[in-house]
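The values are calculated or read from the model by the stated rules, or taken from the named source; none is laboratory data. Quantities reported herein were computed from a predicted structural model and do not represent experimental measurements. Note that each Cβ is placed from the backbone with ideal geometry, even for glycine, and that neighbours are counted across all protein chains shown. What goes into the accessible areas is simple: the full protein's heavy atoms, side chains included, and nothing from ligands, DNA or RNA. Shrake-Rupley method; radii C 1.70, N 1.55, O 1.52, S 1.80 Å.
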Amino acid sequence: MNRLIRSEVFKLRTVWSTWLLVGLTAVLIAGLSALVAFVPHHGAVNFPAKGTAAWFDDLFSVMALAVDLALVLGAIMITSEFRHKTVTPTFLAEPRRGRMAAAKLVVALGGGLTLAVVAGAVALVYGLASVATGVGGIATMGTMLTEFRHVWPGVAAAAVLYGAYGVGLGALLKNQVVTIVVALVALAVVEPIVGAAVPSVGRWLPGYAAQALESVAASARMHAGFGAVSSVHLLVWWAGALVIIGYGVVLAALGSLTTLRADVT
Amino acid sequence: MATIEVQGLTKHFGSVVAVDGLSFSVDRGSVTGFLGPNGAGKTTTLRMLLGLVRPTAGQALINGVAYRDLPDPERTVGAVLESSGFHPARTARNHLRAVGMVDGIAAARCDEVLEQVGLAADGNRPVGGFSMGMRQRLELARALLGDPQVLILDEPANGLDPQGIAWLRNFLRWFATQDRVVLVSSHLLAEAAQTVDDVIVLNRGRMAGHGSLTELRQRATTTVRVRTPETDRLVSLLSEHGIQARHQSSDLVEAQGTTVEVVGRLMADNGLVVLEMTSAGESLEELFFQMTEGAQRFGAAGHPEPAPVVGPGPMPGGPS
């Protein structure tokens, strides 16, 4: 199993698409953080004052984007095998296909963590810069770091688990484009609709489960910025984690019984 | 000892019967050609041997076990498959390393096999820029990674240039002399005939012929023409031995389904005078056509399928 895991890590390291995702994480989070940090919102009621704890919460919540990208990374890990037909040499080297899927699940956890670390590093740079330049005049290092510690662990946990969720979804759907589109449309379109219409069901969906993880601390003192999601009563963080793990494992198991079991021709 | 053993192997794809109760075995120290026209079931059979396709019935064993039960399978079996793929952004060397790592194959071995197939200078290039022939060489390198005892190759000459084909032919011969096993499929008979010891001919998923190349050649339905003053005696002699023969003219007899060796010996044993003896049709190609005639005549849409190309070898760089 160790050799399988090493091989999967090696496969990730040796294609530029992985590094593109890492770069994309850094660039997108840098861009969105800049929006939060530099765009003035005079008079807007929903925005907390710069330099306050709530403002840092907003700044750091941008990191949640790493969670979606972790999902894409996990999906690419498995669907690229089918897309480029490398599944043939992969299965020749390890004909016990379930083990291959398990190794990918494990490596996707690490991939998610990597993206979360990149996101955290970029966000911290903004946090430190905000403190250094005395934005809003009241920012202190202590407030900034406290908020970072509130937000990052939840984001990291969600990103880690979303990596595995991506592998599971890809194992079931097989087609790379279909998998990524389905995953992102479900997150961005379907879930908010379900969440608004049937909040009691919405909380069990992967997107809201991730939010449960991401807002471990934030949910305790939900400020106006989070108002949009308040119709769904999020699960407690550990239940959210279990729900995402459940999606990953169940989808991967379904994939192992269908797509992965199929003849490779 | 049989190293590859196939028993009652059957595969249905929906209503299509791709392989139909196939049984054969392949021994050590030989190159066995797996022949048949397109759609005969060659690739499906090889993929069942390699655990990539699940048989509907029967079993395919290597060293007595199914492929999926082999420990570190790459170290026992090397496979060259047509639809195997490469990530276009990954370098050739990294492709080999990723696959080899799973069965504990060292990075140094990847360089060795790249050298062996003539890709040493291209190891650090992404495979996306490789030609068809280079991809085929890389596929061969992958098959050799684990220094396997058994090589299974599906149409390995496809896309190779003439030097590549010549190299492959020599390599397979050498490989078999190491008391190892080669099973190589081809629809190019002329190409296979230069490499193989034994042949298994497949037609529409069934065994159409099995044996050594020499045996099979002898089995070919050939016409032997004999000019002799004693035509009556010859015709009755041949008939006594179950050989179809008839008078063509006053001094010419034509015998069907036999060889000059058989007729010549019979005539010598019986003291008949031979003025001239010729044979026609004793070629592996014709035998191959005969064995796979059904497929030629009764193609899917009632039209003859295109005949297998029999020639000096494939053009390099063509699509497969």
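A few points about this structure:
- Chain A - Debye-derived log10 I(q)/I(0), Cα point model, q = 0.07, 0.12, 0.14, 0.17 Å⁻¹: -0.26, -0.72, -0.94, -1.25
- Across the protein chains, with a 1.4 Å probe defining accessible surface, the residues A:Tyr247, A:Tyr126 rank A:Tyr247, A:Tyr126 from largest area downward.
- Fraction of accessible area attributable to carbon and sulfur, chain B (%, probe 1.4 Å): 50 percent
- Its Cα centre serving as origin, segment A:49-185 has a Cβ charge dipole (Lys and Arg +1, Asp and Glu -1) of approximately 600 debye.
- Average Cα contact separation per residue, chain A, under 8 Å, 6 or more apart, as relative contact order %: 25 percent
- Heavy-atom accessible surface of segment A:2-257, averaged per residue, reaches 42 Å², computed with a 1.4 Å probe.
- Between A:Leu35 and A:Val236, residue separation times 0.36 nm minus the direct Cα-Cα distance comes to 69.4 nm.
- Anchor A:Lys11: lysines whose Cα lies under 25 Å away (excluding residues fewer than 8 positions away in-chain): A:Lys85, A:Lys104, A:Lys174
- Net +/- balance of residues flanking A:Tyr165 in space, Cβ distance below 14 Å, scoring K and R +1, D and E -1: -1
- If only the Cβ of Lys and Arg carry +1 and only the Cβ of Asp and Glu carry -1, the dipole of chain A around its Cα centre is close to 800 debye.
- The portion of the accessible surface of chain A made up by carbon and sulfur, rounded to a whole percent, is 73 (1.4 Å probe; DNA, RNA and ligands excluded).
- Modelled label positions at A:Val201 and B:Arg225, each set 7 Å beyond Cα in the direction of Cβ, lie 8.5 nm from each other.
- For A:Arg96, net neighbour charge (Lys/Arg +1, Asp/Glu -1) across residues whose Cβ lies under 11 Å away: +1
- Residues whose amide H lies under 5 Å from that of B:Val19, counting only those 5 or more places away or on a different chain, are B:Lys11; hydrogens are built 1.01 Å from N in the peptide plane.
- Inter-label distance, nm, simple model (7 Å from Cα along the C-beta direction), A:Val178/B:His210: 4.0 nm
- Gap separating the Cα centres of segment B:26-100 and segment B:107-151, nearest whole Å: 16 Å
- Note on exposure: B:Leu61, B:Leu114 ranked by accessible area (1.4 Å probe, complete protein assembly) read B:Leu61, B:Leu114, with the most exposed listed first.
- Simple Cβ-charge dipole of segment B:2-217, Lys/Arg +1 and Asp/Glu -1, about Cα centre, in debye nearest 20: 440 debye
- Heavy-atom accessible area buried between chains A and B is around 2800 Å² (1.4 Å probe, both sides summed).
- For segment B:98-144, residues shielded by at least 40 square angstrom of accessible area compared with the chain on its own, probe 1.4 Å: B:Ala98, B:Met101, B:Val102
- Solvent-accessible surface (1.4 angstrom probe) belonging to A:Ile78, in square angstrom, nearest 10: 0 Å²
- With q set to 0.10, 0.12, 0.18 Å⁻¹, the log10 of I(q)/I(0) for segment A:65-179, from the Debye formula over equal scatterers at the Cα positions, is -0.40, -0.52, -0.84.
- Considering only trypsin sites (Lys or Arg not before Pro) in DSSP loops that have at most 14 other Cβ atoms within 10 Å, the longest stretch of chain A without any of them is A:97-260.
- Largest accessible area first, the residues A:Val249, A:Val72 order themselves as A:Val249, A:Val72 under a 1.4 Å probe with ligands, DNA and RNA left out.
- At a probe radius of 1.4 angstrom, the accessible area of segment B:221-280 per residue rounds to 55 square angstrom.
- Kirkwood hydrodynamic radius of segment A:146-217, Cα pairs, Å: 13.1 Å
- Hydrodynamic radius of the protein assembly as shown by the Kirkwood approach over all distinct alpha-carbon pairs: 28.2 Å.
- With contacts taken as Cα pairs under 8 Å at a separation of at least 6 residues, chain B carries a relative contact order of 20 percent.
- Net charge in the neighbourhood of B:Gly29 (other residues with Cβ under 9 Å of its Cβ; Lys, Arg +1, Asp, Glu -1) is -1.
- In chain A, helical runs assigned H by DSSP with n ≥ 4 each contribute -39500 (n - 2.57); averaged across all residues and rounded to the nearest 500, the mean residue ellipticity at 222 nm is -23500 deg cm²/dmol.
- Once Rg and the Kirkwood radius are both taken over the C-alpha atoms of chain B, their ratio Rg/Rh works out to 1.07.
- Under the span-like rule (Cα at least 20 Å along the axis, Kyte-Doolittle mean at least 0.5), DSSP H helices of chain A: A:16-38, A:65-83, A:97-132, A:141-173, A:237-257
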